Number of protein chains: 6
Amino acid sequence: MSPKTKTAKESLTITTKMVLPNDTNTHDNLFGGQLLAWMDVAASISAHRHCKRVVVTASVNNVAFNFPIPHSSIVTLESKVSRAFSTSMEVFIDVFVEDYVSGKRTKCNEAIYTFVAVDQNGGPIDVPKLIPETEEEIARYDGALRRKQLSLILAGKMKPADATELKKLFLGE
Amino acid sequence: MSPKTKTAKESLTITTKMVLPNDTNTHDNLFGGQLLAWMDVAASISAHRHCKRVVVTASVNNVAFNFPIPHSSIVTLESKVSRAFSTSMEVFIDVFVEDYVSGKRTKCNEAIYTFVAVDQNGGPIDVPKLIPETEEEIARYDGALRRKQLSLILAGKMKPADATELKKLFLGE
Amino acid sequence: MSPKTKTAKESLTITTKMVLPNDTNTHDNLFGGQLLAWMDVAASISAHRHCKRVVVTASVNNVAFNFPIPHSSIVTLESKVSRAFSTSMEVFIDVFVEDYVSGKRTKCNEAIYTFVAVDQNGGPIDVPKLIPETEEEIARYDGALRRKQLSLILAGKMKPADATELKKLFLGE
Amino acid sequence: MSPKTKTAKESLTITTKMVLPNDTNTHDNLFGGQLLAWMDVAASISAHRHCKRVVVTASVNNVAFNFPIPHSSIVTLESKVSRAFSTSMEVFIDVFVEDYVSGKRTKCNEAIYTFVAVDQNGGPIDVPKLIPETEEEIARYDGALRRKQLSLILAGKMKPADATELKKLFLGE
Amino acid sequence: MSPKTKTAKESLTITTKMVLPNDTNTHDNLFGGQLLAWMDVAASISAHRHCKRVVVTASVNNVAFNFPIPHSSIVTLESKVSRAFSTSMEVFIDVFVEDYVSGKRTKCNEAIYTFVAVDQNGGPIDVPKLIPETEEEIARYDGALRRKQLSLILAGKMKPADATELKKLFLGE
Amino acid sequence: MSPKTKTAKESLTITTKMVLPNDTNTHDNLFGGQLLAWMDVAASISAHRHCKRVVVTASVNNVAFNFPIPHSSIVTLESKVSRAFSTSMEVFIDVFVEDYVSGKRTKCNEAIYTFVAVDQNGGPIDVPKLIPETEEEIARYDGALRRKQLSLILAGKMKPADATELKKLFLGE
């Protein structure tokens, strides 16, 4: 029987890559679409590690590309489940680039993907709850509910008036 | 000299693909990361067609994967600039899948990406304004300001109280 | 039941691509073999749209590479069935490249591929007839018979004397 | 100084491949577009070996796909220059598939590509003449002139009445 | 100025991958050549992290493929420099596969690659010494000299009689 | 029934490739991992040609990368079975690079891979014996036993004292 709860740490997935010619756009920087694909694989492994089931990408929330990542860079993706809902899991991916000479790591991207656990017929199935431990894990866990309400509103599946968490943000309650 | 305004239609980019073994996940459906990469290329061509400059992906807003897209499907991506801000462009990508026998097209995804036009040094440069024409283009144009405010809030660069467009949504003003 | 006839327009397939580092030869231009593969996919979608069956490439007729297409170019492939024979379809693919600054489209390639519709066992099956409408569609439809006779002669399956359409070309009848 | 003539044998290029999942279409057979790309690389090596210059694909003449080539097959491409004109070279590619158990080789495709030798500016430059030796090499050498006339006619660059070699074929002279 | 010594831990590189259709052989298991390429990238990042210079693969020592790794497996590569010689670094790569349901990690491969640090002209340059810390690191550090002597003998660059470390192994001294 | 013995020549596999942008590392030279993957495919075809069964990579023995192979090079891999043991085959791969102007071939790599023949369940099965013919084939055949003993010792499956062939090397018997 699968456990009822898991910590965020249990789903931590680390992937280090080198930006090869294959991965670059016409500016000789990492192609945005390639990074999106890498993040999808890393995040799906985290989601799988959380629930031990087949998972499929449900949505990509906000991803910001703040810095160009040049050819030959060493890039590390670290992903962890940030919150589990009944059948879905929100996953944060932090992306770091490493200075070629000093080796100093700089965070260059942060992305949020959501996955759903599915059975053989593709129907959704329940996943363990997530227990956040560190300060960052708790902050991300708390934010997940606001992001979920926001998604539901944007998809027309929730009325703004019912999004209690979000309303607080705008009304300063 | 480049024109001061462009219509949405001028940036329309159509790409039809067949889902090959290469593109599938372990469920024999189109791999989410692959679709994200395809959308990035299509949307960047739309952004380039709008401003005729080099463009780089600035962010991916909400992307929902509603239906699995099986191996061998014919998939069509249609992308168009939905609104231009001073140096950035929001692009909508609609994804359709075609029934293998009847040929009937079904919309299976909708995504929003943002691009920035850059000069040789990677610095941002001004882009033409967008003139929406159809009803859908106008609705997307109007929504773009709310989404921009939302992004700024989520990134901590705007106070919720200043997001006039968004507040209306929650307060029903 | 599938229709007895189709127009050329019904099989129109548009694919827009950007030439990425991956796709270039040692001159930093689009690699000929890559363009051949792209054309094969686009043309096979047109053939499938015409007959709604699995199709396999039967032959590539003349393809001329007139201009080098540099790295970062935006390339659009437009393919349409030009004529259907009992179980095979001839498809024309027109390839356009877009000027990076003015956006002006120039035709850079034209290719002709032939596909056969097959059943589960790989045996050939009948396809709908094609009705050409525009002037260009009619010219390509008429030329298709000459090209078919030419292929049969080159493959040693028809005697030159029986190639009535082709003989006219050489004898000026 | 580069030699004035070369034999066909000097440009022989052999490439043996295994059909991997990557290379297959939705029927689990070798994807036509992939084979076209493989043939382009093999043929361009033959053309380069003949003239020791950079070569670019000028055209693909007739390619027939007679048999499906299943996943895991061992495929061998053999290419040789069949005739050299002033700045262009016609190359034949013979494709063989090997029976998995008996190892018996069967010819499954034959293709003809044409390449042009270019200088640093992409301008055409002279190539050595080809001396055919075997019976097959001589037959292909002789056919090359007919194919060249045919290409010129199809491209509207030669009048049928001037295509002396081709006229013989149709008039039985 | 770069440090004179580094610990093994400082070069630890972790890469987690999912085996996608792309990566499989005709048995639906991870293709050996693909794993060799993954290990080469991971190991080269470790070597780079040790010396902060451009590194090139010098040799692959023994790699054993003990277990087939099926499609969809989650595979983790962990690589660390095991010993540095004047201009070269030996790197160990341990490969683990994770049980899909229990998540239990099993070691499935171990490989040893050697890299050389090079300057702009490709000439070899000095690298920091390696300080092993754990028991395993020390055992691998000690074995590295025997492996280096063995390589030199196999390459005909050392006489067996001079391979003091190796002779002990055979003579039981 | 499959033959009891085969010559080395019967498994000769030739593969000629051009180094494309795709295949290069950050120095614009052929990426080591890519060459390892190419050698694995070529060697596995040789092993299959020897035994006509499914083969899987068992190990990579010593591979030395002596020279950088620049972008656009023409590279030829020649592989042949060097010795067959009961269920395994040792394969040598010689890699040559061709001077772009003179066409002169230089050997740039030599690698040794081992494959095992497997039945439907992945269990090992017997393979024909190999008969070496040329001087080089005989030398490689003789060395194979020493290499096998060495592998067994390194894997802890044989005591150095029992490695009769190897002991001679160190003791000069």
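The values are calculated or read from the model by the stated rules, or taken from the named source; none is laboratory data. What you are looking at is a predicted structure, and each value in this text was computed from that prediction instead of being measured. Note: ideal-geometry Cβ built from the backbone for every residue, glycine included; neighbour counts use all protein chains shown. These area figures cover heavy atoms from the full protein model, side chains too; ligands, DNA and RNA do not enter into them. Shrake-Rupley method; radii C 1.70, N 1.55, O 1.52, S 1.80 Å.
A few comments on the model shown:
- Boolean, residue B:29 is at the interface with chain A (Cβ under 8 Å from one of its Cβ atoms) and over 18 Å from residue A:38 (Cβ atoms): yes
- Of the residues in the range B:116-127, at least one is aliphatic (A, V, I, L, M), touching a strand residue (DSSP E or B) at 6+ places or on another chain (Cβ under 8 Å), over 23 Å from residue B:63 (Cα atoms) and within 11 Å of another protein chain (Cβ to nearest Cβ).
- Checked against the criterion of being over 10 Å from the mean Cα position of the chain (by Cα), touching a residue at least 24 places away in the same chain (Cβ under 8 Å) and open to solvent by 30 Å² or more (accessible area, probe 1.4 Å), the candidates E:77, E:36, E:12, E:30 yield just one match: E:12.
- Filtering the range E:58-74 to residues that are more than 17 Å from residue E:108 (Cβ to Cβ) and either open to solvent by 20 Å² or more (accessible area, probe 1.4 Å) or touching a residue at least 60 places away in the same chain (Cβ under 8 Å) (or both) leaves E:58, E:59, E:61.
- Any hit, the range D:81-88, residues being of a type in the set (D, E, K, R) and either out of contact with any Gly (no Cβ under 9 Å at 6 or more places or on another chain) or free of Cβ contacts under 8 Å to residues at least 40 places away in the same chain (or both): no
- Matching option when the condition is of a type in the set (A, V, I, L, M, F, W, C), open to solvent by 10 Å² or more (accessible area, probe 1.4 Å) and within 18 Å of residue D:31 (Cα to Cα), among C:54, C:97: C:54
- Cβ pairs under 7 Å, 6+ apart, first in the range A:145-156 and basic (Lys, Arg), second at pLDDT 75 or above and open to solvent by 30 Å² or more (accessible area, probe 1.4 Å): A:148/A:85
- Candidate set from the range A:137-160 (those that are under 15 Å from residue B:168 (Cα atoms) and open to solvent by 60 Å² or more (accessible area, probe 1.4 Å)); member that is modelled with the lowest pLDDT: A:154
- Residues of the range F:135-162 that are among the charged types (D, E, K, R) and in a helix (DSSP H, G or I): F:135, F:136, F:137, F:140, F:142, F:146, F:147, F:148, F:162.
- Boolean, residue D:114 is in contact (Cβ under 8 Å) with a residue 40 or more places away in the chain and surrounded by 18 or more Cβ atoms within 10 Å (Cβ to Cβ): yes
- Looking across the range A:15-27, the residues that are hydroxyl-bearing (Ser, Thr, Tyr) and open to solvent by less than 30 Å² (accessible area, probe 1.4 Å) come down to A:15, A:16, A:24.
- Number of positions in the range A:123-134 that are open to solvent by less than 30 Å² (accessible area, probe 1.4 Å) and not in a loop (DSSP other than H, G, I, E, B): 1
- Those residues of the range C:85-100 which are within 14 Å of chain D (Cβ to nearest Cβ) and out of contact with any helix residue (DSSP H, G or I) (no Cβ under 8 Å at 6 or more places or on another chain), in sequence order: C:88
- Residue match in the range A:99-121 (condition: more than 17 Å from the chain's Cα centre (by Cα), more than 24 Å from residue A:41 (Cα to Cα) and of a type in the set (Val, Ile, Thr)): yes
- Residues that are within 7 Å of another protein chain (Cβ to nearest Cβ) and in contact with a Leu (Cβ under 9 Å, 6 or more places away or on another chain), drawn from the range D:47-63: D:49, D:57, D:60, D:61, D:62, D:63
- Check on residue C:82, more than 14 Å from chain D (Cβ to nearest Cβ), surrounded by 17 or more Cβ atoms within 10 Å (Cβ to Cβ) and modelled with pLDDT of 90 or more: yes
- Listed conditions (1) hydroxyl-bearing (Ser, Thr, Tyr); (2) within 10 Å of chain D (Cβ to nearest Cβ); (3) open to solvent by 20 Å² or more (accessible area, probe 1.4 Å) are all met by residue C:44, apart from (3).
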